[in-house]
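K.L.:
Have a look at this one before I ask anything.
The values are calculated or read from the model by the stated rules, or taken from the named source; none is laboratory data. Please read all numbers here as calculations on a predicted model, not as lab measurements. Cβ coordinates were reconstructed from backbone atoms using ideal geometry, including for glycine residues, and neighbour counts include every protein chain displayed. With ligands, DNA and RNA removed, areas are computed over all heavy atoms of the protein, side chains included. Shrake-Rupley method; radii C 1.70, N 1.55, O 1.52, S 1.80 Å.
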Amino acid sequence: MRVLLVGAGGVGTAITRIAARRDFFDHMVVADYDPARADAAVEALGEARGRFTAERVDASDEAAVRALLERHRCDVLLNATDPRFVMPLFGAALDAGAHYLDMAMSLSRPHPERPHEECGVKLGDAQFERAGAWERAGRLALVGMGVEPGLSDVFARYAADELFDEIEEIGVRDGANLAVDGYDFAPSFSIWTTIEECLNPPVVYEDGRGWFTTPPFSDPEVFDFPEGIGEVECVNVEHEEVLLVPRWVKARRVTFKYGLGREFIDTLRTLHLIGLDRTEPVTVAAEGGGTARVSPRDVVAACLPDPATLGDRMHGKTCAGTWVKGVRDGRPREVYLYHVVDNQWSMSAYGSQAVVWQTAVNPVVALELMAEGVWTGAGVLGPEALPARPFLDKLTAYGSPWGMREQ
């Protein structure tokens, strides 16, 4: 297998460090708009860098990405960029005859009149519209294959196959007790993506009603997370699992709730109130005279520390998991399937902070299953469309076991 990895930020760099310890691929091309980042990701691998090549590419340039895939004879494109670049990378892989894998799906657009009641353009709609072309090409586009979405969807598939006869609700619940020394506000993941998913109307799925939306941060609940993290208030957030799980797993209700914390929510609301969450460029005065066009959200991202660089100041654990409620053998049952990463462990073992490492390990596991012919298919598929047990066994073999708690 020959892989083109696009994006050498925190998650992309963690992917290279995890993949370098596996032998399922022949070569990985690491490409980024900033060639220095791609070079740094490869050079950091030391003696293992022989199977890696650094390249520069503009992820928005579909023709350039396609040419890079063809020049390096890559079998699969792994997208580690932010969601703005999903569609050009998705299209380039299809045109080049390669498989495709991402961790976040094409962007949504709120309903123009009823944003907090009805869906507009949903996450992933643009990708699913091209599913027929992928099927005809006999190529697999595996979408939403990070940790959430990704591992959380695998948990949903596992629960349906092995733990329940009927499922009432599948609820993804994400929480952490991570803290960053020296910063009053320092998100542990991309602020660009965080703003997108937290300020868009959250989506809920109900059998018979389908998908519908609610106001941001709705329906708060306190969830008790395992391994010492404890109780965290979680709220509804827009996320891919709600759009993916009902396509392949039968459940009466599907939700996603994120443990943000009151201070984080208040900060996001303030950014929205003054328009700093916007992506459309505004005109500002430029140094030395004249004007420049900049995106307010990009300014916010530039003013905050890069999450990938915070690992040595971060402490605590992050937990991704899927809570499932239903019936087994005629009796009510509730379980929480989860994956916890301690920042101290991920930093000492891989030099990557916990959130980016937890995101990065899952697409590498998926690539290995694809290389082995265990995960196969054609079309646009989510993780829950594929068998769960091989993935969970492989994740444990990577030295990062998952857990299950009866509720």
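K.L.:
Quick one: in the stretch 302-324, which of the residues that are of a type in the set (A, V, I, L, M, F, W, C) and in a loop (DSSP other than H, G, I, E, B) is farthest from D165 (Cα to Cα)? Full working, then the answer.
P.N.:
First pass over the stretch 302-324, keeping only residues of a type in the set (A, V, I, L, M, F, W, C): 302-304, 308, 310, 314, 319-320, 323-324.
Subsequent filtering for residues that are in a loop (DSSP other than H, G, I, E, B) retains 304, 310.
On the way: L304: 47, L310: 43 Å.
Ranking the qualifying residues of the stretch 302-324, first place goes to L304.
K.L.:
Could you pull out the residue among E241, E227 that is modelled with pLDDT of 95 or more, open to solvent by 20 Å² or more (accessible area, probe 1.4 Å) and in contact with a strand residue (DSSP E or B) (Cβ under 6 Å, 6 or more places away or on another chain)? Steps first, answer last, please.
P.N.:
Values: E241 fails: open to solvent by 20 Å² or more (accessible area, probe 1.4 Å).
From the options E241, E227, the qualifying one is E227.
K.L.:
How many residues are part of a loop (DSSP other than H, G, I, E, B) and at pLDDT below 95 if we restrict to the stretch 245-269?
P.N.:
3
K.L.:
Moving on. Hey, can you tell me all the residues within the stretch 371-398 that are among the small types (G, A, S), out of contact with any Gly (no Cβ under 6 Å at 6 or more places or on another chain) and not in a helix (DSSP H, G or I)?
P.N.:
Of everything in the stretch 371-398, those that are among the small types (G, A, S), out of contact with any Gly (no Cβ under 6 Å at 6 or more places or on another chain) and not in a helix (DSSP H, G or I) turn out to be G373, G377, G379.
K.L.:
Quick check on the stretch 24-52: of everything there that is within 18 Å of N79 (Cα to Cα) and in contact (Cβ under 8 Å) with a residue 40 or more places away in the chain, which residue is most open to solvent (accessible area, probe 1.4 Å)?
P.N.:
Only one residue fits best here, namely H27.
K.L.:
Show the residue pairs meeting these rules: Cβ distance below 7 Å; 6+ apart or different chains; first residue within the stretch 115-133 and free of Cβ contacts under 8 Å to residues at least 24 places away in the same chain; second residue among the small types (G, A, S) and part of a loop (DSSP other than H, G, I, E, B).
P.N.:
From residues that are free of Cβ contacts under 8 Å to residues at least 24 places away in the same chain, the pairs are G120/S108; V121/S108; D125/S106.
K.L.:
Okay, moving on. Restricting attention to the stretch 3-36, which residues are within 24 Å of K394 (Cα to Cα) and either hydroxyl-bearing (S, T, Y) or in a helix (DSSP H, G or I) (or both)?
P.N.:
G10, V11, G12, T13, A14, I15, T16, R17, I18, A19
K.L.:
Specify the residue that is nearest to L199 (Cα to Cα); the eligible residues are those in the stretch 77-132 that are open to solvent by less than 10 Å² (accessible area, probe 1.4 Å) and polar (S, T, N, Q). Working first, answer last.
P.N.:
Step one: filter the stretch 77-132 for residues open to solvent by less than 10 Å² (accessible area, probe 1.4 Å), giving 77-79, 86, 89-93, 98, 100-102, 105-106, 124, 127.
Filter again for polar (S, T, N, Q), leaving 79, 106, 127.
On the way: N79: 23, S106: 16, Q127: 22 Å.
Residue satisfying both the conditions and the ranking: S106.
K.L.:
Does P88 fit the bill of being at pLDDT below 95, within 24 Å of P35 (Cβ to Cβ) and not small (G, A, S)?
P.N.:
no
K.L.:
If a residue has to be β-branched (V, I, T) and open to solvent by 10 Å² or more (accessible area, probe 1.4 Å) to count, how many in the stretch 156-172 make the cut?
P.N.:
Within the stretch 156-172, residues that are β-branched (V, I, T) and open to solvent by 10 Å² or more (accessible area, probe 1.4 Å) number 1.
K.L.:
In the stretch 314-366, how many are crowded, with 24+ Cβ neighbours inside 10 Å, among the small types (G, A, S) and over 15 Å from A80 (Cβ atoms)?
P.N.:
4
K.L.:
Filter the stretch 250-267 for residues that are surrounded by fewer than 21 Cβ atoms within 10 Å (Cβ to Cβ) and hydrophobic (A, V, I, L, M, F, W, C); which is nearest to L199 (Cα to Cα)?
P.N.:
In the first step, residues of the stretch 250-267 are kept if they are surrounded by fewer than 21 Cβ atoms within 10 Å (Cβ to Cβ); the result is 250, 252-253, 261-267.
Right, trim to hydrophobic (A, V, I, L, M, F, W, C) and you get 264-265.
Details: F264: 12, I265: 9 Å.
Here the answer is I265.
K.L.:
Taking the condition of being over 7 Å from L94 (Cβ atoms), out of contact with any strand residue (DSSP E or B) (no Cβ under 6 Å at 6 or more places or on another chain), open to solvent by 10 Å² or more (accessible area, probe 1.4 Å) and not charged (D, E, K, R), how many residues in the stretch 133-147 meet it?
P.N.:
1
K.L.:
Can you name the number of the only condition in (1) among the β-branched types (V, I, T); (2) open to solvent by 60 Å² or more (accessible area, probe 1.4 Å); (3) under 24 Å from G171 (Cα atoms) that T214 fails?
P.N.:
Condition (2) is where T214 drops out.
K.L.:
Answer with yes or no whether D153 is buried (at least 20 other Cβ atoms within 10 Å of the Cβ) and in a strand (DSSP E or B).
P.N.:
For D153, the condition - buried (at least 20 other Cβ atoms within 10 Å of the Cβ) and in a strand (DSSP E or B) - is not met.
A quick yes/no check of all residues on (1) at pLDDT 95 or above; (2) within 26 Å of L78 (Cβ to Cβ); (3) out of contact with any Phe, Trp or Tyr (no Cβ under 7 Å at 6 or more places or on another chain):
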{"position": "R297", "(1), (2), (3)": "no, yes, no"}
{"position": "P305", "(1), (2), (3)": "no, yes, no"}
{"position": "R313", "(1), (2), (3)": "no, no, yes"}
{"position": "T322", "(1), (2), (3)": "yes, yes, no"}
{"position": "T359", "(1), (2), (3)": "yes, yes, yes"}
{"position": "N362", "(1), (2), (3)": "yes, yes, yes"}
{"position": "A385", "(1), (2), (3)": "yes, yes, no"}
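For every residue, the table says whether it meets (1) part of a helix (DSSP H, G or I); (2) at pLDDT 95 or above; (3) not polar (S, T, N, Q).
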position	(1), (2), (3)
V300	yes, no, yes
G326	no, yes, yes
E334	no, yes, yes
V341	no, yes, yes
L369	yes, yes, yes
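K.L.:
For the stretch 291-309, does any single residue satisfy the condition of being more than 29 Å from R109 (Cα to Cα) and either of a type outside the set (F, W, Y) or open to solvent by 60 Å² or more (accessible area, probe 1.4 Å) (or both)? Steps first, please.
P.N.:
First pass over the stretch 291-309, keeping only residues more than 29 Å from R109 (Cα to Cα): 291, 309.
Still in the list and also either of a type outside the set (F, W, Y) or open to solvent by 60 Å² or more (accessible area, probe 1.4 Å) (or both): 291, 309.
The answer is yes; a qualifying residue exists.
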